[in-house]
Amino acid sequence: MQNWPLLTLTIFLPLVGVVFILVLRGAEADVARNARWIALWTSLIDLALSLVIWAYFDPNQADFQFVESAPWLPGFHIAYHLGIDGISLFFILLSTFLMPICIVASWESIKVRVKEYMCAFLVMETLLVGLFCALDFVVFYIFFEGVLIPMFVIIGVWGGPRRVYSAFKFFLYTFLGSVLMLLGILVIYYQIGSTDIVDALNRGLPVSLQTWLFLAFFASFAVKVPMWPVHTWLPDAHVEAPTAGSVILAGVLLKMGGYGFIRFSLPLFPVAAHQLAPLIFTLSVVAIIYTSLVALAQEDMKKLIAYSSVAHMGIVTMGTFAMTSEALQGAMIQMLSHGIVSAALFLCVGVVYDRLHTREIARYGGLADNMPKYATVFMVFMLASIGLPGTSGFVGEFLSLLGTFEINTWVAFFATTGTILSAAYMLYLYRRIIFGVITRADVRTMLDLHWREVAIFAPMIAVVLWMGIYPSSFLKPMQPSIAKLVEHIQLSLHENAAAKLAER
């Protein structure tokens, strides 16, 4: 199976679904129904393909697997080069897992331009899977930037009252940061003579260039994470996006920055990453504490969860730049956990929004009485967000803090306060929505989860508990790749130290 073009199939299969949807004709209601079913079956088949990749993935190998390569622009040494390792494997699975959930979550709530809506999500799936498979800088950049287009359309067309403002703010923030990364890619191209990522990793880059290149890539990835202070586009985008748009934005798009740091910033610019790590630690700690305090003050459910995302991703950047094996594994698990948990929390908001059409926390209260299933589901994901042992959130936070503690005790100490604050704002949110006495007639008539909503939440709960109870099934495939990365960083730092001693 390693010789089959499984990556290409997984990347481009959603576009086949797009073609089928585009040729649909007939009554508007029939076209909308068929578009939903085509999108759902396409995304489920794509999920099955990604599970086949996981089944045939060798967890003991650190090098890239399922490698595919074909000349694309041979005169410029640019190739269609794909491959995955333990770092990229689970991001592909995360993308294909959340896409059918997004489609089912939009089944009833999206009533206009259903055909175009489903096409936008399938195109986004192709771009997301492609960027996690790309082993050529140009191919990666095309997929990386291409993701902005369907997300821009989803927010701008199907979003809330301020959707146009939020869509443009999202696009401009993320696009402008990526322009600097493109300049960095051009410098690498002229340095090594090709845009092959594996070639760049094997050759290494001069220390004199690393700081500037690191900052060029950092400008793009920091906005995507997003890190403080370039996080302000995120709450607006989440609030105005439709529920499924928030799910894929929090679930996968925010992980593009974290993935970029681990795939490019650390192995390509290890000396610069080590020198600038204190800056990253400072920004991460500020993000964890500041955005947690801001979340405490929110009266809109989506805004609260959006600010909590910035805080949780602060733990990811902290663990990533601690550059120890435990911290990097923790950052990876934290990204996967946050991808599921934050997506589920936005779906929980969508459930009550579909019934009452408001996200104002004060409008609810006492939902445990008439929505016990919903209260249970919300509780599971709320506790996972806090990092309760036995859930996925605990594994990621614990390993990140453990690995960071080895490097800098104070950074780990301040980051731990974020865990306390996350418990404060999530429990406060849960108490105000779920407990208390129902005082409003419209809240009293709200119905509990129906079968489609149960079908959405059940696999997400299963994954959260699976990651929390048996994390080694996720840690084992990524360990060889992370161990190789840490070894490469240490070797580069030792060589740089030796070179400085020789100069003296």
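Derivation of every value follows stated rules applied to the coordinates shown; laboratory data play no part. Values in this document were obtained by computation on a predicted structure and should not be read as measured data. Virtual Cβ from ideal backbone geometry, glycine too; neighbours counted across all protein chains shown.
Proximity of backbone amide H atoms, modeled 1.01 Å from N, is registered between Asp136 and His81, Ile197 at under 5 Å, excluding neighbours fewer than 5 places apart on the same chain.
Across the stretch 291-297, rounded Karplus estimates of 3J(HN,Hα) from the backbone phi angles (6.51 cos²θ - 1.76 cosθ + 1.60, θ = phi - 60°) give 5, 5, 5, 5, 4, 4, 8 Hz, Gly and Pro being marked x. Dividing the Cα convex hull volume of the stretch 1-84 by residue count, how many Å³ per residue is that? With only Cα atoms used, the stretch 1-84 gives 104 Å³ per residue. Is any residue of the stretch 388-416 close enough, with backbone N under 18 Å, to a label point placed 7 angstrom from the Cα of Ser473 along the Cα-Cβ axis, and if so, which? Under 18 Å, as judged by backbone N against the label point of Ser473, lie 390-396 of the stretch 388-416. Per DSSP helix of 4 or more residues, -39500 (n - 2.57); summed, then divided by the residues of the chain. What does that give at 222 nm, rounded to the nearest 500? For the chain, the value works out to -25000 deg cm²/dmol.
When you filter the GluC sites (Glu not before Pro) in the stretch 73-128 for DSSP loop state and at most 14 other Cβ atoms inside 10 Å of their Cβ, you are left with Glu108. Charging the Cβ of each Asp and Glu at -1 and of each Lys and Arg at +1, and nothing else, the dipole of the stretch 1-154 about its Cα centre rounds to 580 debye.
If Lys and Arg each add +1 and Asp and Glu each add -1, what is the summed charge of the other residues whose beta carbon sits under 12 Å from the beta carbon of Tyr165? So the environment of Tyr165 carries a net charge of +1. From the Kirkwood radius over Cα pairs of the stretch 283-504, Stokes-Einstein at 25 °C and 0.890 mPa s returns a whole-number translational diffusion coefficient of 131 µm²/s.
Say the cut-off is 23 Å between C-alpha atoms; which of Lys111/Lys255; Lys224/Lys373; Lys224/Lys302 go over it? In this structure, Lys111/Lys255; Lys224/Lys373 lie more than 23 Å apart at Cα.
Between the entries [x] 85, 52, 42; [y] 69, 63, 50; [z] 79, 56, 41, the label attached to Cα extents along the principal axes in Å calculated for this structure is [z]. For Glu68, the residues whose modelled amide H falls within less than 5 Å of its own, excluding neighbours fewer than 5 places apart on the same chain, are Leu82, Gly83. Here the label points at Arg33 and Arg162, each 7 Å from Cα along the C-beta direction, are separated by 3.9 nm in the simple model.
Take every Cα pair under 8 Å whose residues are at least 6 apart in sequence, average their separation, divide by the length of the stretch 367-504, and the relative contact order is 36 percent. For the pair the stretch 269-298 and the stretch 315-374, the centres of their Cα atoms are 20 angstrom apart. Using 0.36 nm per residue and subtracting the Cα-Cα separation, the extra length available between Lys373 and Trp107 on full extension is 93.7 nm. Sorted ascending by nearby beta carbons within 10 Å, beginning with the fewest, Ile87, Ile469, Ile340 become Ile469, Ile87, Ile340. A straight chain from Thr439 to Tyr80 at 0.36 nm per residue would run longer than the Cα-Cα distance by 123.2 nm.
In this label model, Gln275 and Thr409 are separated by 2.9 nm, measuring between points 7 Å along each Cα→Cβ vector. In sequence order, the stretch 493-498 has phi-based couplings of 5, 5, 5, 5, 5, 5 Hz under the Karplus curve 6.51 cos²θ - 1.76 cosθ + 1.60, θ = phi - 60°, and Gly or Pro positions carry x. Spatial offset of the stretch 201-250 relative to the stretch 435-464 amounts to 33 Å, using the alpha carbon center of each. The length gained by stretching the chain between Leu182 and Leu215 to full extension, at 0.36 nm per residue less their Cα-Cα distance, is 10.7 nm.
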